[in-house]
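Asker: Sharing a structure with you now.
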Amino acid sequence: MVLNDLKELQPAHYALGVVIVGLLLRALFFTRGTITRHGQPIKKPPNTLPLVGNGIQFLQSRWKLFHWFAKCERQFGYETVQLTVPTLPPGVLIQDPRNLEYVFKNEGVFTKGTFVKGRSWDLFGNGIINADGELWKVQRKAGLSFLNTANLRVLTDVALPQYLFESVDDLRSHAGGEDVVDLQHVFHEITTKLMGKMAYNMEMHADDEFSTSFDYASGGTAERFQNPLWQVTEIFFGSKLRKSIKIVKDFGQRIVSKAVRDKADGTCNSSKVKEVLSQESGDKLDQISGSLIQSLLDAIGNEEMVADAALTYLSAGRDTTGQALTWTFYLLMRNPEATAKVRQEVQHCLSEQQEAEEMERPNPTLFNPISTPYTMAVFYEALRLFPPIPFEIRQCTQDATLPDGTFLPKDSVLVWCLWAMQRSKITWGENADDFRPERFLSEDGSKAISRSTSEFPVFNGGPRTCLGKKMAEAIAVQVIATMAWLFDFAPLDDRERVSKSSLTMPMEGGLPVVVKARSMGAEIKAGTAAKTVN
Ligand code: HEM
């Protein structure tokens with residue numbers, strides 16, 4: 001991204017050089033606390049260089065950085081190692097689930113801090129992902145009240161099937177020919193519509209100006225975590241980032257203004273959610289929307305803060321889930337035996353409960369984490385290998401000592417890389433690199449079982465556990481089961497897919513595939529046979 005903006009660089013070379021050297025000198029003479037374990041210095045990871053420490057690793061592409069974190073994990077196992085980057089506070093990479101459990105339990109000590117907030121402030125401001133203390137609590141409470149059981153049911157029983165089948169119909173129109181479809185765009189469209197309509201009462205699409213600007217802003221914000229000199233480089237290369245953030249922020253303001261108007265008109269009322277569930281006809285979605293934004297408005301008076309909060313929720317729910325589905329289908333296409341098992345599970349649900357003809361247009365609400373445990377396990381396994389939030393950072397508000405004895409002075413930064421931890425052979429066994437959904441199934445295969453949050457922190461843990469975990473799981477099983485049942489997807493090539501710079505895990509270049517609608521003849525016969533036997 002920065003390189004793309006090189007064109008903007010004109011007379012600035014000299015000034016940039018002076019500032020960089022100045023910052024490096026400042027870093028060298030800057031006195032810091034020392035990280036120790038039982039009074040001894042802790043180990044440094046591979047490729048640590050004099051003066052620049054691990055700075056060069058952080059400037060590489062994120063994909064290379066993930067692999068470097070994984071290399072550290074393979075070399076040091078659960079041992080905490082030191083991270084040194086000029087100009088940044090002292091840091092560690094934690095890899096031991098016991099340490100992570102301690103971090104989750106001591107939320108007040110290990111906060112987002114100025115390190116995280118300073119970098120993501122422009123985009124998220126006071127939004128929940130950035131907030132600590134009371135500001136965090138009030139947003140969490142509002143979110144919890146929105147994501148209650150009734151809302152979740154509306155989401156899964158009404159909204160999702162509608163948007164899912166809009167995408168199914170679109171895919172059918174491309175099936176069978178030479179058309180290339182970007183599956184990432186398909187899933188992003190579903191989650192964008194869902195979060196936009198349900199949470200904000202807005203018609204949103206994956207290629208809206210807001211969505212593309214957010215995408216860019218997320219990439220630029222993520223680069224700030226890898227580039228210690230971002231404040232300097234952005235002076236010269238940051239105009240597109242600034243423009244994107246402005247578009248995103250203006251959109252946020254519009255959402256809030258609309259919600260305030262809706263509130264004044266009385267067109268938004270969260271109790272309507274329940275009414276809607278009992279209605280037989282009409283556009284149910286038109287009557288349930290606005291709940292989240294209304295909860296936020298009720299909880300936080302300040303409109304600017306509500307705008308930040310709303311945007312944060314939108315991004316937390318939309319991108320993570322859409323991208324997780326993309327990686328899931330990437331893995332399913334590479335593992336046809338797993339796709340076959342998902343289809344068997346769908347067949348079982350349909351043959352027990354549906355008329356044979358309905359196999360062509362299955363009711364997605366039949367698929368849930370209980371009725372389709374294997375599909376759920378496929379999703380968990382994809383989240384393990386390609387975590388939508390691939391690394392996390394916290395900062396110590398006071399001196400702290402981790403369970404393994406590592407002493408962290410106040411302001412130290414802690415990093416855990418989910419990409420690496422979720423590939424640890426110590427935690428996951430020798431086949432940690434393989435796609436094996438069975439690891440998330442009970443022995444008899446009848447239940448999907450997750451792991452402790454410290455071993456499998458994909459939805460975070462402790463008081464800041466993801467608020468949308470259940471929603472994401474419900475969306476995932478419906479989408480995976482329905483799409484895998486109705487279509488054969490073939491990748492355009494066998495290239496390994498990588499993630500582009502972002503706060504989450506978008507696939508670089510999307511996931512181009514060729515689509516074929518599956519012939520239901522054999523399945524209908526098998527389903528009818530199963531019904532007759534029963
Ligand atoms: C596969 C999908 C998802 C994954 C992997 C995921 C993962 C995470 C993770 C790791 C965090 C902690 C982030 C941090 O504090 O740095 C988080 C927080 C959060 N997630 Fe999710 N998420 C997913 C879907 C959703 C959905 C659908 C929603 C719906 C609204 C959502 C709402 C939130 C919120 C509000 C937070 C902030 C919680 C807090 O700070 O108290 N997420 N999520």
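Asker: Taking only pairs six or more apart or across chains, which ones have beta-carbon atoms under 6 Å, a first residue in the range 497-513 that is free of Cβ contacts under 8 Å to residues at least 60 places away in the same chain, and a second residue that is assigned to a loop (DSSP other than H, G, I, E, B) and surrounded by fewer than 20 Cβ atoms within 10 Å (Cβ to Cβ)?
Answerer: Hits for this filter: Glu508/Val498; Glu508/Lys500.
Asker: Is there a residue being away from the ligand (no atom under 13 Å from the Cβ), at pLDDT below 95 and aliphatic (A, V, I, L, M) anywhere in the range 88-100?
Answerer: Within the range 88-100 (the criterion being away from the ligand (no atom under 13 Å from the Cβ), at pLDDT below 95 and aliphatic (A, V, I, L, M)), the answer is yes, since at least one residue qualifies.
Asker: Still on this structure, please answer the following. Given the criterion among the aromatic types (Phe, Trp, Tyr), over 23 Å from Trp230 (Cβ atoms), touching a Gly at 6+ places or on another chain (Cβ under 9 Å) and modelled with pLDDT of 95 or more, identify the matching residue among Phe76, Phe104.
Answerer: Criteria check complete, one pass: Phe104.
Asker: So, one more: Got a sec? Which helices (runs of 4 or more DSSP H) wholly within the range 57-159 have at least 3 residues that are aromatic (Phe, Trp, Tyr)?
Answerer: Where helices (runs of 4 or more DSSP H) fall fully within the range 57-159 and carry at least 3 residues being aromatic (Phe, Trp, Tyr), they are 62-76, 113-124.
Asker: Let me ask you something else. What are the pairs with Cβ atoms under 6 angstrom where one residue, in the range 462-479, is under 17 Å from Thr149 (Cβ atoms) and without any contact (Cβ under 8 Å) to a residue 12 or more places away in the chain and the other, located anywhere, is assigned to a helix (DSSP H, G or I) and within 7 Å of the ligand (Cβ to nearest atom)? Sequence gap at least six, or different chains.
Answerer: From the range 462-479, the pairs are Lys469/Phe459.
Asker: With more than 9 Å from the ligand (Cβ to nearest atom), under 22 Å from the mean Cα position of the chain (by Cα) and modelled with pLDDT under 95 as the only criterion, which of Ser454, Ser501 stands out?
Answerer: Checking each option against the conditions leaves just Ser501.
Asker: Also: Of all residues in the range 408-446, which are more than 20 Å from Gly77 (Cβ to Cβ) and over 24 Å from the mean Cα position of the chain (by Cα)?
Answerer: Pro409, Lys410, Asp411, Ser412, Ser442, Glu443, Asp444, Gly445, Ser446
Asker: Just checking, which of Pro369, Pro373, Pro388 is of a type outside the set (A, V, I, L, M, F, W, C), under 23 Å from the mean Cα position of the chain (by Cα) and crowded, with 23+ Cβ neighbours inside 10 Å?
Answerer: Exactly one residue qualifies, and that residue is Pro388.
Asker: Looking only at the range 199-234, which residues are part of a helix (DSSP H, G or I), touching a residue at least 40 places away in the same chain (Cβ under 8 Å) and either in contact with a strand residue (DSSP E or B) (Cβ under 6 Å, 6 or more places away or on another chain) or more than 27 Å from Gly143 (Cβ to Cβ) (or both)?
Answerer: Glu223, Gln226, Trp230, Val232, Thr233 - these are the residues of the range 199-234 that are part of a helix (DSSP H, G or I), touching a residue at least 40 places away in the same chain (Cβ under 8 Å) and either in contact with a strand residue (DSSP E or B) (Cβ under 6 Å, 6 or more places away or on another chain) or more than 27 Å from Gly143 (Cβ to Cβ) (or both).
Asker: Would you call Asn54 within 18 Å of Leu414 (Cα to Cα), touching a strand residue (DSSP E or B) at 6+ places or on another chain (Cβ under 7 Å) and not aliphatic (A, V, I, L, M)?
Answerer: Against the criterion (within 18 Å of Leu414 (Cα to Cα), touching a strand residue (DSSP E or B) at 6+ places or on another chain (Cβ under 7 Å) and not aliphatic (A, V, I, L, M)), Asn54 qualifies.
Conditions tested, residue by residue: (1) in contact with a helix residue (DSSP H, G or I) (Cβ under 9 Å, 6 or more places away or on another chain); (2) closer than 25 Å to Arg62 by Cβ; (3) in contact (Cβ under 8 Å) with a residue 40 or more places away in the chain; (4) of a type in the set (Ser, Thr, Tyr).
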{"residue": "Cys396", "(1), (2), (3), (4)": "yes, yes, yes, no"}
{"residue": "Asp404", "(1), (2), (3), (4)": "yes, no, yes, no"}
{"residue": "Lys410", "(1), (2), (3), (4)": "no, no, yes, no"}
{"residue": "Leu414", "(1), (2), (3), (4)": "yes, yes, yes, no"}
{"residue": "Ala420", "(1), (2), (3), (4)": "yes, yes, yes, no"}
{"residue": "Gly429", "(1), (2), (3), (4)": "yes, no, no, no"}
{"residue": "Ala432", "(1), (2), (3), (4)": "yes, yes, no, no"}
{"residue": "Phe440", "(1), (2), (3), (4)": "yes, no, yes, no"}
{"residue": "Asp444", "(1), (2), (3), (4)": "no, no, no, no"}
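Residue-wise test of (1) acidic (Asp, Glu); (2) closer than 27 Å to Leu144 by Cα; (3) modelled with pLDDT of 95 or more.
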residue	(1), (2), (3)
His188	no, yes, yes
Asn201	no, yes, no
Asp207	yes, no, no
Thr212	no, no, no
Gly220	no, no, yes
Glu223	yes, no, no
Asn227	no, no, no
Trp230	no, no, no
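Asker: Report those helices (runs of 4 or more DSSP H) wholly inside the range 415-498 carrying at least 2 residues which are among the aliphatic types (A, V, I, L, M).
Answerer: It comes to 418-421, 469-486.
Asker: List pairs: first residue in the range 305-323 and under 17 Å from Lys500 (Cα atoms) and polar (S, T, N, Q), second residue assigned to a helix (DSSP H, G or I) and more than 11 Å from the ligand (Cβ to nearest atom) anywhere in the structure, Cβ distance under 6 angstrom, at least six positions apart or on different chains.
Answerer: Once the first residue is under 17 Å from Lys500 (Cα atoms) and polar (S, T, N, Q) and sits in the range 305-323, no partner that is assigned to a helix (DSSP H, G or I) and more than 11 Å from the ligand (Cβ to nearest atom) comes close enough.
Asker: Do we find that Gly462 is at positive phi and more than 16 Å from the ligand (Cβ to nearest atom) in this structure?
Answerer: No, not satisfied.
Asker: Shifting gears a bit: Can you spot a residue in the range 447-455 that is β-branched (Val, Ile, Thr), in contact with a strand residue (DSSP E or B) (Cβ under 8 Å, 6 or more places away or on another chain) and within 26 Å of Phe187 (Cβ to Cβ)?
Answerer: Yes.
Asker: From (1) closer than 28 Å to Cys349 by Cβ; (2) within 16 Å of the ligand (Cβ to nearest atom); (3) at pLDDT 95 or above, pick out the condition that doesn't hold for Met471.
Answerer: Status for Met471: all satisfied but (3).
Asker: Looking at His188, His174, which one is within 19 Å of Leu325 (Cβ to Cβ) and more than 16 Å from the ligand (Cβ to nearest atom)?
Answerer: On inspection, the qualifying residue turns out to be His174.
Asker: For the range 398-411, indicate whether the set of residues that are touching a Gly at 6+ places or on another chain (Cβ under 6 Å) and more than 13 Å from the ligand (Cβ to nearest atom) is non-empty.
Answerer: Yes, some residue in the range 398-411 is touching a Gly at 6+ places or on another chain (Cβ under 6 Å) and more than 13 Å from the ligand (Cβ to nearest atom).
Asker: Oh, and also: For the list (1) in a helix (DSSP H, G or I); (2) hydrophobic (A, V, I, L, M, F, W, C); (3) at pLDDT 95 or above; (4) over 18 Å from Ala517 (Cα atoms), I need the number of the one condition that Met333 fails.
Answerer: The number of the failed condition is (4).
The values are calculated or read from the model by the stated rules, or taken from the named source; none is laboratory data. If you're wondering where the values come from, they're calculated on a predicted model, not measured in any experiment. Reconstructed Cβ throughout: ideal geometry from the backbone, glycine too, with neighbour counts over all protein chains shown.
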